[in-house]
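A short write-up of the structure that comes next.
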Amino acid sequence: MSKDALGWRKKFGVLAPSTNTIVQPDFHRMEVPGVTSHTSRIHIVDQDLSNDQAMLRLLDQIRDEILKAIDRVKTAEVDYLVMGMSAETFWGGLEGSKAFVKRIEDYSGLKVATGSRSCMTALEQFNVKNVGVITPYQPIADENVRKFFSEIGMNIVKLTGLRCPTAVAIAEVPEEVLRATLLEMNDDSIEAFVQVGTNLSMVRLADEAERWLGKPVIAINAATWWYALRQNGINDKVYGCGRLLREF
């Protein structure tokens, strides 16, 4: 147990792109007593996401900068790492996800929660196979998201990529667009929805949508925070952020 005055149960180090304005307030909103989160930024110089090549350049920036972000946040003597970005955690499918985790854990000496593993574990809790997926990405990233979910045994019934033109633009997608996307995609063949992209604001909407759709709606920031808490033996319930944090 930490001696930290506020993070006396656990201090989480969050790794997030410098362009991301959603994941940090989302995580703070879901904090429970004795657990604090401390964000270290991955410097993004070129935030263009307007095509597949731009998406690849952004990922190259993340790969070049992420270890520096780890070095910075470790000076706070954090207990655990939480990924505040998701595209890289899906890249290369299941094996790519495992390789990413190994790289981060080997370098940092700490365990890490990733969006991909968190979504996989969440879907296992709900015991579903047929999913609808919403992303902010370009086609090349959507292909990697599809590959990951397929390799863990999920059937992606529908996938909608919003094709956001820049990293900052992801946070500017209004709730009414996300609501309309859910309603347009929804039918009886989909057992659950998953939203990926940590700069896409969907935690509050997902909680509401579960009531009017009558099925799980997993927002990646809620899933990642839930996974981080549960992996550290913290079973507090959080309300207003979806069934996952409330029931499991």
Study note, to complete from the structure: The correct count of residues that are within 17 Å of M85 (Cα to Cα) and out of contact with any strand residue (DSSP E or B) (no Cβ under 8 Å at 6 or more places or on another chain) in the stretch 31-53 is 3
Point to revise | Matching residues in the stretch 224-248 - criterion: being out of contact with any strand residue (DSSP E or B) (no Cβ under 8 Å at 6 or more places or on another chain) and closer than 13 Å to V82 by Cβ | key: W226, R230
Check your understanding: Which helices (runs of 4 or more DSSP H) does the stretch 120-235 wholly contain that include 2 or more residues that are in contact with a Pro (Cβ under 7 Å, 6 or more places away or on another chain) and outside the structural domain of T19 (by TED's automatic domain parsing)?
Key -> 167-170
Practice item. Give me the pairs, please: first residue somewhere in the stretch 25-42 and over 19 Å from K74 (Cα atoms), second residue anywhere and of a type in the set (V, I, T) and in a loop (DSSP other than H, G, I, E, B), beta-carbon distance under 7 Å, and either six or more positions apart or on two chains. Key: M30/V238; V32/I234; V32/V238
Point to revise | Failed condition for I66, given (1) of a type outside the set (D, E, K, R); (2) without any contact (Cβ under 8 Å) to a residue 24 or more places away in the chain; (3) not assigned by TED's automatic domain parsing to the domain that holds D142 | key: (2)
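The values are calculated or read from the model by the stated rules, or taken from the named source; none is laboratory data. In this text, all values refer to a predicted model and were calculated from it rather than measured experimentally. A quick note on method: Cβ atoms are made from the backbone with ideal geometry, for glycine too, and the neighbour counts reach across all protein chains shown.
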